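Below: the structure, in structure tokens.
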Amino acid sequence: MKIHNTLSGKTESFKPTGNTVSMYVCGITPYSPAHVGHAMRSVVFDVFKRYLEYKGFQVLHIENFTDIDDKMIEGASKQGISVSELAESNISSYLKEMDMLGVLRANSYPRATAEIENIVDMISGLIENKSAYEINGDVYFRVRSISDYGKLSDRDIEKLKSGARVAIADHKEDALDFALWKSQKPGEPAWQSPWGPGRPGWHIECSAMALEYLGESIDIHGGGQDLIFPHHENEIAQSESFSGIKPFAKFWMHNGLVRLGEDKMSKSLGNMVTIGQALDAHSADALRLLFISAHYRSPITYNEDAVVAQENALQRIKSALKLDGLETESKMDTSSYITNFENAMDDDLNTPKALAVIFDLVREIHKEHKVGNAISDGQETLKKITGVLGLGLQDKNPDSDSDDLIEFLIEIRLSLRNANQYELADKIRDGLLDLGIQIEDGVDKTSWKRLP
Ligand SMILES: [Zn+2]
């Protein structure tokens, strides 16, 4: 399998160190609802993970939440709630939306505020080995202490320096140095540290979490292309200076950004569609198809027409799966489809090519069905390879259908009780219990649960 590595700028053969692939993907800052760009990032790495698992690897996947930073503090104060309340509510919506999109859960979702000890340890180590320094309660990374800064983003340190403006209030040794620890300003949440109360910078959080959960050298580090500089460049600087081990990440994978009109979709630019809005208007599969219809490193443009076109494409796949097969002696040979699918995915996750193979197979299933040949092998293969891309291909969630039915029965039972028809009402309660569903009458609401 070949993967494009941002670090070398080349497409390289990918081999993990062991049978388990360690993968760290930068997550969201939960200061407002996540947008479609975040959904694309999650779907891209979900497809990669599913394909690795299809190939027999295990994937240890970590995604962080940056639950403390300037935007978190600002967002919480605007809404009159605490930073942790703001984080909690956006994180729980995000995870729900990921489930709806069919994104497999990461093994762990560490949060910056729960990792302060590890972060402080790492910063202390960097000060000890002279890669960082403290001034008035702030700690900075000494960019000049390393010779290969800029290697990920292909930037020249001298050019960076001449471009950087030094703020008057800045006490840094060098304009390029970046913050590892920020001393507390009035009214800000803070944690204790050897340099006084404060909070971690954004970059150090990911270095500390990758080290804690995956070790000193990891197989894959991923994120959107907008994170290459400075975030990922700084992560490399911190991690390699701390451990002395290179490379911090063997492969750096970056997905292209989602555009809305002319610009990249971004909360700070104010042009965005939230994942919730997209899921209200479209099916999860159509959104997923849109994200993988282009190669993951290219940008995609989000617009309603583009998603609707994907809904139509989805219907073609679904209709091929719904055809009734005839039991005949002849079998459909699908081995070439599987080979072509794997070749496409092995080629730096070429999902547009993989989708073309899928639609070829859809056409052949229809063709064979028309002439009365057996199609069940074709349908099996279609199910298998669309599953690797994470497509659910269900018309409706069967669970939500049965949930609706239970709510409906509970409503009828309530009407019966109100009409003093207790015998019938109890019959519904007992009948549901027989099916493993327990009803509990509260003060003003009846709740229910599935018994284990
Ligand atoms: Zn990160």
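For the reader, a short list of remarks on this structure follows.
- Counted residues, the range 220-237 - those being assigned to a helix (DSSP H, G or I) and either within 11 Å of the ligand (Cβ to nearest atom) or surrounded by fewer than 21 Cβ atoms within 10 Å (Cβ to Cβ) (or both): 10
- Verdict on residue 317 being assigned by TED's automatic domain parsing to the domain that holds residue 377 and in contact (Cβ under 8 Å) with a residue 40 or more places away in the chain: yes
- Of all residues in the range 297-335 being aliphatic (A, V, I, L, M) and in a loop (DSSP other than H, G, I, E, B), the one that is most open to solvent (accessible area, probe 1.4 Å): 326
- Residue check for residue 161: touching an Asp or Glu at 6+ places or on another chain (Cβ under 9 Å), open to solvent by 40 Å² or more (accessible area, probe 1.4 Å) and assigned to a helix (DSSP H, G or I): yes
- Checklist (1) closer than 26 Å to residue 74 by Cα; (2) away from the ligand (no atom under 16 Å from the Cβ); (3) of a type in the set (S, T, N, Q); (4) not in a loop (DSSP other than H, G, I, E, B) applied to residue 241, failing item: (1)
- Among the residues listed as 181, 195, the single one being part of a strand (DSSP E or B) and either surrounded by fewer than 22 Cβ atoms within 10 Å (Cβ to Cβ) or more than 15 Å from the ligand (Cβ to nearest atom) (or both): 181
- Filter result for the condition that a residue is away from the ligand (no atom under 16 Å from the Cβ), open to solvent by 10 Å² or more (accessible area, probe 1.4 Å), closer than 30 Å to residue 127 by Cα and modelled with pLDDT of 95 or more, over 217, 293: 217
- Close pairs (8 angstrom Cβ cut-off, 6 or more residues apart or separate chains): closer than 15 Å to residue 127 by Cβ in the range 229-247, within 11 Å of the ligand (Cβ to nearest atom) anywhere: 238/203; 238/204; 238/207; 242/207
- Filtered residue count, the range 242-256, keeping only those that are in contact with a helix residue (DSSP H, G or I) (Cβ under 6 Å, 6 or more places away or on another chain) and either under 22 Å from residue 175 (Cβ atoms) or open to solvent by 30 Å² or more (accessible area, probe 1.4 Å) (or both): 2
- If the condition is being away from the ligand (no atom under 13 Å from the Cβ) and touching a strand residue (DSSP E or B) at 6+ places or on another chain (Cβ under 8 Å), then the range 198-213 contributes 198, 199.
- Of residues in the range 258-290 being open to solvent by 30 Å² or more (accessible area, probe 1.4 Å) and of a type in the set (Asp, Glu), the one farthest from residue 71 (Cα to Cα): 280
- Hey, residue 121 assigned to a helix (DSSP H, G or I), under 30 Å from residue 388 (Cα atoms), open to solvent by 30 Å² or more (accessible area, probe 1.4 Å) and at pLDDT 95 or above or not: no
The values are calculated or read from the model by the stated rules, or taken from the named source; none is laboratory data. Treat the numbers as computed from the prediction; the structure is a model and nothing was measured. Note: ideal-geometry Cβ built from the backbone for every residue, glycine included; neighbour counts use all protein chains shown. Heads up: the accessible areas ignore ligands, DNA and RNA and are worked out on the full protein's heavy atoms, side chains in. Shrake-Rupley method; radii C 1.70, N 1.55, O 1.52, S 1.80 Å.
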